[in-house]
Each structure stands twice: as C-alpha cells, then as structure tokens.
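Following: one structure in structure tokens, then a few remarks.
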Amino acid sequence: MTETTPENAALWLPKRGARFELGPAPYTAPAAGEVVVRVRAIAVNPIDGMPGFAYRLILPWLNFPAVVGSDVAGVIVEVGPGVTRLRPGDRVVGAAGGIEQNRNRAAEGAFQRYVVLKQSMTATLPDDLSFEQAAVLPLAVSTAASGMFQHDHLALPLPTIDAEDRRETVLVWGGSTSVGSNAIQLARHAGYRVVATASPRNFDYLRSLGATATVDYHNRTAADELIDAIGDSPLAGTLAIGNGSLKPTLTIASAVPGSRRIASAQPALLTRVSSLLRRHKGIQVSSIWGGSLKDNEVGPGIYVDFLPAALAKGTYQAVPNHVIVGAGLDKIPDALDQLRKGVSAKKLVVTI
Ligand SMILES: NC(=O)c1ccc[n+]([C@@H]2O[C@H](COP(=O)([O-])OP(=O)(O)OC[C@H]3O[C@@H](n4cnc5c(N)ncnc54)[C@H](OP(=O)(O)O)[C@@H]3O)[C@@H](O)[C@H]2O)c1
C-alpha cells in the first residue's frame, strides 16, 4: 500500500491446544495472484473449534502461532501483481487458506481484520447480499464442490447458471448441513436431480434449494426410502455428510443403478476404516478435503466462473441463514462454543 499501512489484529492460536488470544498482527501485502481483504464478517466451522487433539490429527503440519478460520466476507483493499479481475473497493467473499498444508501461514487465516486470499478463491458479491450472509459460503461451498466436481471424487461436470437437466440423480446425505445445503444447489446447477436427507423440520428448506425428494435420516427405513426416491433415475454420485452417513450410503449405492462413487466429508481415517470394514465391492469411497479445489480447476471454476454470476442472478442462495453471535474478533470463541452445542440449517457469524 502506498499510504499508511493498515493496523491489523488477529485472534491468535499461540500453540497447539491453547486458548485463542486477541492481539496485533502484521499487515501482509498481497503477492502475485493474491488480494488483501478488510474483513467484515467471519463464519465459524466445526474444525475451527478443535484446537487440541483434532488439530494434531487433522492439521499435523500447522505452524504456530497460527491464525485459523476459513470463511470471510469483506472489501478488497489491495491486489497483488497480475490481479486484474478484482479491484480495491470490491465487495467479496473468499475461502481463507491459512491452515492448508501448502499455504500454512497466519496471514491467510480468516480470524483477523486484514486477510490475504488467493484471487482464484475469491468471488465478488452483488450489492444486495450482506457480508454477514455471504460469509456462510466458503468452506461449505468448497467442500461440496471438491467432493462433487474433482476428478478424484464424483467427477461431475462443473455447475453453470443455465445447466440443462440430466436424467441422473445426486444423493446428498446431510442436506441441511452447511455443506449439504450448498451441495444440493451445486448439483442442481450441474443439471442433476437431487434427493437428500434432513430432519423433517428442514424438508421445506431442502426443497427450496432444489431437492426433489427429502427423507428423515433418523428413520430406520431411510436407506429404503432413498432407494425408492432414486427409482430408475441412475445415480450420478453420492455425497456422504455427517456422522453415520457412510453405512446407509454404501447400501444405497450398491442397490441402485448408476455411479458407485461416494465422496465423504467425514475425517479421512474414519472414511477409510468405515468403508474397508464394509468392503462393498465396486464402490469407490473417497475422502474430501474442503480446501483441495484451490489447487485445481474446480477452485476458479466455482469462485471465478460460477459463484459471482449465480449470486448476482439470484439462482444461487447464500445458505444456510446466518445468525450473528457478536461483533469483534474476541466473539469468535463464543461462536465456536455455540457451534459445539449444535446448529440446524444455520451458520454462526461474527461481524468485524
Ligand atoms: N472434509 C472436509 O474438508 C470438511 C469440511 C467442512 C465440513 N466437514 C464436515 O462435514 C460435516 C458437516 O459440516 P457443516 O459445517 O456443514 O455442519 P453443520 O451445518 O454445522 O451441521 C448441522 C446439521 O447437521 C445435521 N446433522 C446432524 N447429525 C447428522 C447426521 N448424523 N447425519 C446427517 N446430518 C446430520 C443437522 O440436520 P437436521 O437439523 O436437519 O437434523 C444440522 O442441520 C461435519 O461433520 C464437518 O466436520 C468436512
């Protein structure tokens, strides 16, 4: 920046298993292909609230002190060399990649006032979409999109705002989760019919996102109900989200015509053990890493080519609905406490 350098602050994680601490942070200028965003809203995700054992298991590479968090919305203040698509003043939402193994730096963690984002993982926002509502999107969209569109997962064609209907079905187990809500919409935008699970209180919500059939995952007959709902429309692929999602989705994928690929959002180890134990022949179960799309064509396919247009045109909803927990970085631990108690078709957000 040519003027005075902005004063940054971050919610630091000093070491593994420690408590978050609010403190000053350096302002990091964007490198080639990067932008800096003045953050206005941050959403929290299950992984953010597990700094102890789970971080050792899931993020063993993480450098400390760390700034974690994935979901930000705000205003661009500076763009790096080669960035022409975005300009200072643009309202954006973006996926912060600080915890990724091949990024692994505090400057790119969401929990701070000025964050460095990859331009290819940053989408412009229409004026009528608030920062608070937009912040619900990044990790949920990224996880659903990695699972659905990467070649190592379901390998479906990328979404567009005017996709032609295909005569195939995508199964989303866990449709009312943040990941599932976005999976339903992405699958619809890729032209697929969608069948999904949730608690009955969320059936209308799932239908509003484009699901044609909804099943209560608590029912012992849920797998059979889904097999009926899929009918003779071949399965294009399955997204397994939430505890206990692998067993029934393995049963379903082996009972209906079509793709035998299941992309699982559960931890990799759990996915591997759980699918090995069942040894369903011919079914390919893969484990999603929600940040992997940043390293392939799916990241820009979603954040550059699809999301800005779909949000502007109103064909894509920023869901689930946000709930503001408080204002200020120091309210993030409260949001994480609340998230640990559980949410239903909601995303917890802190304004900055
Ligand atoms: N692999 C990755 O990279 C990655 C990235 C992000 C998230 N995840 C994982 O994906 C899952 C969803 O995350 P999220 O942030 O989207 O969750 P979330 O929005 O916080 O999930 C809340 C929802 O979970 C649903 N739910 C509760 N138990 C369920 C079950 N046994 N099966 C299916 N749905 C259930 C509830 O549905 P009802 O209220 O309708 O009952 C509720 O709407 C979590 O396990 C998370 O750890 C993985």
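The values are calculated or read from the model by the stated rules, or taken from the named source; none is laboratory data. Because the structure is predicted, anything quoted here is derived from the model rather than measured. Note that we place each Cβ from the backbone using ideal geometry, even for glycine, and neighbour counts take in every protein chain shown. To get the accessible areas, we keep the full protein, side chains included, count just its heavy atoms, and leave off ligands, DNA and RNA. Shrake-Rupley method; radii C 1.70, N 1.55, O 1.52, S 1.80 Å.
Once the Cα-Cα distance is subtracted from the 0.36 nm per residue extended length, the Leu57 to Lys341 segment shows a gain of 100.1 nm. Working from label points 7 Å from Cα in the Cα-to-Cβ sense, the Lys15 to Ala163 distance is 4.8 nm.
With respect to the chain, whose longest principal axis is taken over its alpha-carbon atoms, helix 268-278 is tilted by about 10°. Excluding same-chain neighbours fewer than eight residues apart, no lysines are reachable from Lys15 by a Cα-Cα span under 19 Å. Mean residue ellipticity, 222 nm, helices only, the chain: the sum of -39500 (n - 2.57) across DSSP H runs of n ≥ 4, divided by residue count and rounded to 500, is -7500 deg cm²/dmol.
Test of understanding: in a Gaussian network model of the chain with alpha carbons linked when under 10 Å, which of Gly33, Gly147, Gly109 would top the mean-square fluctuation ranking? The residue that fluctuates most here is Gly33. Note on surface exposure: Tyr114, Tyr217 rank Tyr217, Tyr114 by accessible area, highest first, 1.4 Å probe. The Ala255 and Asp128 beta-carbon pair, evaluated with R₀ = 35 Å, returns a calculated FRET efficiency of approximately 0.20. Shown are His153, His218, whose ranking by accessible area with a 1.4 Å probe and every protein chain present, most to least, is His218, His153. Comparing Ala145, Ala155, Ala73 in a Gaussian network model of the chain, where Cα atoms under 10 Å apart are tied by springs, the biggest mean-square fluctuation is seen for Ala155.
Each residue of region 247-264 was assigned a 3J(HN,Hα) from its phi angle through the Karplus expression (A = 6.51, B = -1.76, C = 1.60, θ = phi - 60°), giving 4, x, 6, 5, 4, 5, 4, 8, 9, 10, x, x, 5, 9, 9, 10, 9, 10 Hz with x at Gly and Pro. Under the rule a/c < 1.5 gives rounded, and otherwise a/b versus b/c splits prolate from oblate, where does region 37-170 land using the Cα gyration tensor? Note, shape of region 37-170 comes out oblate. For region 43-101 versus region 162-184, the spacing of their alpha-carbon centroids is 25 Å. Label-to-label distance, Arg85 versus Asn102, with points set 7 angstrom from Cα along the beta-carbon direction: 1.7 nm. Comparing Pro200, Pro159, Pro138 in a Gaussian network model of the chain (Cα springs below 10 Å), the most mobile by mean-square fluctuation is Pro200. List the residues of region 218-234 whose backbone N lies under 14 Å from a point placed 7 Å from the Cα of Ser199 along the Cα-to-Cβ direction. Those under the cut-off are 218-219.
Each of Ala229, Ser275, Thr251 was placed along the dipole of region 142-287 (beta-carbon charges, centred on the mean Cα), and the one lying farthest toward the positive end is Ser275.
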